[in-house]
Amino acid sequence: MTHWTSLNYVVVDVEGNGRQPPDIVELAAVPIVDGIICEPKNWLVRPDLPITHFAKKIHGIGNEQVENAPAFTYVEVDVLKALDTSALIAHNAHVDVGVLQRKLGDWKCPEVFDTLKLARRLLPGRTTYKLGALVEELGLASGLDGEAQPHRAAYDAVVTARLFVHLAGRRTLEELRDQPTGGDGSDEPALF
């Protein structure tokens, strides 16, 4: 049995421009090393296409805030360094991983732990497994800077890191990897 802290992780969250396929507007990466949540790295990025009104209503980032931000190609090397880890964590991970794979081309995604799927399996009986509901129920936003807000990449990545650590607790890596068979059943839409 291997303790979950034997791996180093990075928690990622991507905020998008509201288009299909979504393009990155903001990206955060929070390392978890030896079971300790480290400082987030955060990038504001000018997308190829403008941010939709719907996306701005969700994350609050407008086109005027990214007009002087670098294009993704200028931060790609730093992002790749941040993603160089044993495992990736995200809430409703297929969305974030999908965006990263499109933007990073031949990037080899490490093992992925999806806190949405983990929460469904390890915290049964909830009416919802949306990140905001779990954060509120478990008090995961306690002590965050007053400027931090839901649906911003750094906030979402930090609370997802806290959720993962909470779920991992005293579990082994093998217990975290135990994936039930069946459909995705995702109750969280891709809010881009």
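Residues in segment 59-72: is at least one among the polar types (S, T, N, Q), outside any helix (DSSP H, G or I) and touching a residue at least 60 places away in the same chain (Cβ under 8 Å)? No, there is no match, as no residue in segment 59-72 is among the polar types (S, T, N, Q), outside any helix (DSSP H, G or I) and touching a residue at least 60 places away in the same chain (Cβ under 8 Å).
Annotation: of all residues in segment 34-74 being β-branched (Val, Ile, Thr) and more than 24 Å from residue 7 (Cβ to Cβ), the one that is most open to solvent (accessible area, probe 1.4 Å) is 73. Mind checking whether some residue in segment 90-102 is open to solvent by less than 60 Å² (accessible area, probe 1.4 Å) and part of a strand (DSSP E or B)? Within segment 90-102 (the criterion being open to solvent by less than 60 Å² (accessible area, probe 1.4 Å) and part of a strand (DSSP E or B)), the answer is yes, since at least one residue qualifies. Starting from residues that are over 17 Å from the mean Cα position of the chain (by Cα) and either among the acidic types (Asp, Glu) or in a strand (DSSP E or B) (or both), keep the ones in segment 1-35 and report whichever is farthest from residue 77 (Cα to Cα). Top of the filtered list is 3. Out of 159, 112, 77, one residue alone is touching a helix residue (DSSP H, G or I) at 6+ places or on another chain (Cβ under 6 Å) and either open to solvent by 50 Å² or more (accessible area, probe 1.4 Å) or free of Cβ contacts under 8 Å to residues at least 24 places away in the same chain (or both). It is 112.
Any residue at all in segment 142-153 that's among the polar types (S, T, N, Q) and free of Cβ contacts under 8 Å to residues at least 24 places away in the same chain? Checked segment 142-153: at least one residue is among the polar types (S, T, N, Q) and free of Cβ contacts under 8 Å to residues at least 24 places away in the same chain. For segment 134-153, a tally of residues being of a type in the set (A, V, I, L, M) and either at pLDDT below 95 or open to solvent by 40 Å² or more (accessible area, probe 1.4 Å) (or both) returns 4. Might you check whether a residue that is of a type in the set (A, V, I, L, M), within 18 Å of residue 167 (Cβ to Cβ) and at pLDDT 95 or above occurs anywhere in segment 95-108? No.
The values are calculated or read from the model by the stated rules, or taken from the named source; none is laboratory data. Predicted model, so just to flag it, every value in this text is computed and none were measured. Glycine also receives a Cβ, built like all others from the backbone with ideal geometry; neighbour counts cover every protein chain displayed. Only protein heavy atoms, including side chains, enter the accessible area calculation; ligands, DNA and RNA are left aside. Shrake-Rupley method; radii C 1.70, N 1.55, O 1.52, S 1.80 Å.
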